[in-house]
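Asker: Quick one: this structure, given as structure tokens, is what I'll be asking you about.
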Amino acid sequence: MQVLSSMCRSVSMVANSRKIPLPEWVSHIGDLEPSIYHADRSGDHYRECLSLAVDEVPVLNGKTPVQVYQEFCESFKSSFSNLFGSTITGVTVGLGPDGELRYPCHRHLASHTNIPGVGEFQCYDKNMLNLLKEKAEAAGNPLWGLAGPHDAPSYDQFPNSSQFFKDNGGSWDSPYGDFFLSWYSSELLSHGDRLLSLASTSFSNTPVTVHGKIPLMHSWYKTRAHPSELTAGFYNTASRDGYEAVAEMFARNSCKMILPGMDLSDKHQPQESLSSPESMLAQIRIVCRKHRDRDFWAELGGF
């Protein structure tokens, strides 16, 4: 049996399964202080997952989310250790929305089409903005730390609807774009590393395998910018591999990777979405094999 351990609202991939919300006491804190949640450009908060910028900030009754999660893992291990290796063979660490390592970049879907938009950057809660400000000042460009990209599209818009994600001359392919995307993706990677390292240490002396899930953001993969991946936090473009660092992070923490959507094919995707799940899976397969053995790749699949 696989056990899902999460501080985010999670949704099983099994049809008609119930959603697992945040603990009620955490939601109550969020009602009083919504800045513990991610926020988009218009200031709307995503209340099903804590902002990764508060991982090490004591926002939960004097404790950090990482401390609370560690205590939960230790309590779980103590309570169910007699089932490890028999009934319980694996623990899946919730890393973000729906358990996946990503930002909550896709909240809407336009009603007139089944083609997903590019999503929206989630860097507007005060804690993320503080981190961005510090990074920009350290880079000698304080104006870059005032907000996210001003010329990025909104959730349901397509890449060419504004300047940022355009294939030719887009702001993503500029010094500012590289600065922002490097920072945005590194914060997500650091978040994943913190949680996987914690779980790997907690269960290191048990016959239990630790897993984490990454998303398959395959829409617009055939463009140069790969906007759906960028807003989700993966700095992967036609000229930059954004998954090697992810695979290395999983390998470093001796964790297995779960990737939903292994059965997707290009021919079943809307042509207008410029999607290619097959190419994306091939790219991830290469970096997984580079950093781990075949058993690592064998763990990739639906959850």
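Asker: For region 183-199, what are the residues that are surrounded by fewer than 21 Cβ atoms within 10 Å (Cβ to Cβ) and among the hydroxyl-bearing types (Ser, Thr, Tyr)?
Answerer: Of everything in region 183-199, those that are surrounded by fewer than 21 Cβ atoms within 10 Å (Cβ to Cβ) and among the hydroxyl-bearing types (Ser, Thr, Tyr) turn out to be SER186, SER190, SER197.
Asker: Give the number of residues within region 112-134 that are at pLDDT 95 or above, polar (S, T, N, Q) and more than 15 Å from TRP144 (Cβ to Cβ).
Answerer: Summing the residues that are at pLDDT 95 or above, polar (S, T, N, Q) and more than 15 Å from TRP144 (Cβ to Cβ) in region 112-134 gives 2.
Asker: Condition first: without any contact (Cβ under 8 Å) to a residue 40 or more places away in the chain and hydrophobic (A, V, I, L, M, F, W, C). Now tell me which residues in region 222-275 satisfy that.
Answerer: The one that is without any contact (Cβ under 8 Å) to a residue 40 or more places away in the chain and hydrophobic (A, V, I, L, M, F, W, C): ALA238.
Asker: What number of residues within region 126-181 are out of contact with any Asp or Glu (no Cβ under 8 Å at 6 or more places or on another chain), closer than 20 Å to HIS226 by Cβ and assigned to a loop (DSSP other than H, G, I, E, B)?
Answerer: Of the residues in that region, 13 qualify.
Asker: Taking the conditions exactly as written (out of contact with any Asp or Glu (no Cβ under 7 Å at 6 or more places or on another chain), more than 30 Å from GLY170 (Cα to Cα), modelled with pLDDT of 95 or more and β-branched (Val, Ile, Thr)), does THR201 satisfy them or not? Step through it out loud before you land on a result.
Answerer: On the way: out of contact with any Asp or Glu (no Cβ under 7 Å at 6 or more places or on another chain): yes; more than 30 Å from GLY170 (Cα to Cα): yes; modelled with pLDDT of 95 or more: yes; β-branched (Val, Ile, Thr): yes.
It is true that THR201 is out of contact with any Asp or Glu (no Cβ under 7 Å at 6 or more places or on another chain), more than 30 Å from GLY170 (Cα to Cα), modelled with pLDDT of 95 or more and β-branched (Val, Ile, Thr).
Asker: Looking only at region 222-242, which residues are of a type in the set (Asp, Glu) and either closer than 30 Å to SER81 by Cβ or surrounded by 24 or more Cβ atoms within 10 Å (Cβ to Cβ) (or both)?
Answerer: The one that is of a type in the set (Asp, Glu) and either closer than 30 Å to SER81 by Cβ or surrounded by 24 or more Cβ atoms within 10 Å (Cβ to Cβ) (or both): GLU229.
Asker: Any idea which residue in region 7-52 is surrounded by the fewest Cβ atoms within 10 Å (Cβ to Cβ), counting only those that are touching a strand residue (DSSP E or B) at 6+ places or on another chain (Cβ under 7 Å) and at pLDDT below 55?
Answerer: Among those that are touching a strand residue (DSSP E or B) at 6+ places or on another chain (Cβ under 7 Å) and at pLDDT below 55, it is VAL11.
Asker: For region 276-289: of the residues being in contact (Cβ under 8 Å) with a residue 24 or more places away in the chain and touching a helix residue (DSSP H, G or I) at 6+ places or on another chain (Cβ under 9 Å), which is surrounded by the fewest Cβ atoms within 10 Å (Cβ to Cβ)?
Answerer: Result: SER279.
Asker: Which members of region 200-221 meet the condition of being over 21 Å from the mean Cα position of the chain (by Cα) and either in a loop (DSSP other than H, G, I, E, B) or buried (at least 24 other Cβ atoms within 10 Å of the Cβ) (or both)?
Answerer: PHE203, SER204, ASN205, THR206, PRO207, VAL208
Asker: Right, another one. Which of the residues that make up region 40-49 are assigned to a strand (DSSP E or B) and small (Gly, Ala, Ser)?
Answerer: none
Asker: I want to confirm something. Restricting to region 279-302 and keeping residues that are closer than 19 Å to LEU264 by Cα and modelled with pLDDT under 50, which single residue is farthest from the chain's Cα centre (by Cα)?
Answerer: By that ranking, first place goes to ALA298.
Asker: Determine whether region 50-68 contains at least one residue that is charged (D, E, K, R) and assigned to a loop (DSSP other than H, G, I, E, B).
Answerer: The answer is yes, given that some residue of region 50-68 is charged (D, E, K, R) and assigned to a loop (DSSP other than H, G, I, E, B).
Asker: How do the pairs read when you match residues in region 36-62 that are closer than 19 Å to LEU132 by Cα with residues anywhere that are assigned to a helix (DSSP H, G or I) and small (Gly, Ala, Ser), using Cβ under 7 Å and keeping only pairs 6 or more apart or on different chains?
Answerer: Final answer for the pair search is ILE36/GLY30; TYR37/GLY30.
The values are calculated or read from the model by the stated rules, or taken from the named source; none is laboratory data. The model shown is predicted, which means the values in this text are computed figures rather than measured ones. A quick note on method: Cβ atoms are made from the backbone with ideal geometry, for glycine too, and the neighbour counts reach across all protein chains shown.
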